[in-house]
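The values are calculated or read from the model by the stated rules, or taken from the named source; none is laboratory data. What you see is a predicted model, and the numbers here were worked out from it, not measured in a lab. When we count neighbours, we look across all protein chains shown, and the Cβ atoms used for this are built from the backbone with ideal geometry, even at glycine. Protein only, heavy atoms only, side chains kept; ligands, DNA and RNA dropped before computing areas. Shrake-Rupley method; radii C 1.70, N 1.55, O 1.52, S 1.80 Å.
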Amino acid sequence: MARSLFLCSLLIFAVTTFSSPTGALILTLVNNCNYTVWPAIQPNAGHPVLAGGGLTLRTLTHQSIPVPDAHWSGRVWARTGCAYSGTAFSCASGDCGGRLQCNGAGGAPPATLAQFEVHHGSNDYASYGVSLVDGFNVPMTVTPHEGKGVCPVVGCRDDLLATCPHVLQHRVPAVHGPVVACKSGCEAFHTDELCCRNHFNNPSTCKGSIYSSFFKHAYPATFTFAHDTPSLMHQCSSPRELKVIFCH
């Protein structure tokens, strides 16, 4: 897969937490949706898989996962509409090869992505951003806690499925099923220009399109095409927690 927002009203969450050293950075996944999601975590090359790379998160529950004390980077997304058929597991959006625990595998677009790079730089920075480059499936925000510097809440809060243009709609089953995600222009048309491939794979030729503009208009602070402005990646110094909220 390629590459504001305010505190939720108080909810009582059921909690599942992996053991963590005192003071370690925690990644907390929160499901505020009125349906189950199956979060997936994919590390970038050379970094360890967290929590097996995938889990089940029922509505109004959260799960806290310790992040390595060393430099780590990767991405988080939600899978939806997942089910077993016999022993086969599959998801309507964000599927990672038909498995509950993605174990380092990426997900199938369209899906909303949170991107992270932690424990880097002289001030122990945690960089984070939300990307709609691969399309949209679930509203998602990222909130850092107890960090230093400018640490905004970023992401997309409203559900775009109802307003997704017809040509970008991802339906399951195809054609007549419900809209479960909203495709990027790249995923819908697979052209070099929309996918920023080959001649278009550099900042001077990779530009936004009418399709990425649909996402950018709704959420200006998210990445919407491959060479979108790097300033959309935020840096927070030494946060104690990075909270990903689905359906914030």
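Here 196, 156 are screened, and the one residue that is under 30 Å from residue 71 (Cα atoms), modelled with pLDDT under 95 and open to solvent by less than 20 Å² (accessible area, probe 1.4 Å) is 156.
Residues being at positive phi, small (Gly, Ala, Ser) and modelled with pLDDT under 95 are entirely absent from segment 68-85. Of the residues examined, residue 48 is not one that is within 18 Å of residue 142 (Cβ to Cβ) and modelled with pLDDT of 95 or more. Looking across segment 118-160, the residues that are under 18 Å from residue 95 (Cα atoms) and either aliphatic (A, V, I, L, M) or in contact with a Cys (Cβ under 9 Å, 6 or more places away or on another chain) (or both) come down to 132, 133, 134, 135, 136, 137, 138, 139, 140. Scanning segment 41-76 for residues that are assigned to a loop (DSSP other than H, G, I, E, B) and of a type in the set (Val, Ile, Thr), we see that the one that is surrounded by the most Cβ atoms within 10 Å (Cβ to Cβ) is 67.
Out of segment 159-188, which residues are open to solvent by 60 Å² or more (accessible area, probe 1.4 Å) and of a type in the set (A, V, I, L, M, F, W, C)? Within segment 159-188, 162, 167, 174, 175 meet the criteria. Scanning segment 199-224 for residues that are among the hydrophobic types (A, V, I, L, M, F, W, C), modelled with pLDDT of 95 or more and over 17 Å from residue 111 (Cβ atoms) turns up 200, 206, 210.
Anything in segment 17-45 that is modelled with pLDDT of 95 or more and among the small types (Gly, Ala, Ser)? List them, or say none. Once the filter is applied, which keeps residues that are modelled with pLDDT of 95 or more and among the small types (Gly, Ala, Ser), segment 17-45 yields 40, 45.
Report, ordered by the first and then the second residue, all pairs with beta carbons closer than 7 Å, sequence separation of six or more or different chains, a first member in segment 103-131 that is surrounded by fewer than 19 Cβ atoms within 10 Å (Cβ to Cβ), and a second member that is acidic (Asp, Glu) and part of a strand (DSSP E or B). Hits for this filter: 127/117. Residues that are in contact with a strand residue (DSSP E or B) (Cβ under 8 Å, 6 or more places away or on another chain) and either assigned to a strand (DSSP E or B) or of a type in the set (D, E, K, R) (or both) are absent from segment 213-221 altogether. Residue 180 meets the conditions (1) under 18 Å from the mean Cα position of the chain (by Cα); (2) at pLDDT below 95; (3) under 18 Å from residue 108 (Cβ atoms) in every case but one. The failed one is (2).
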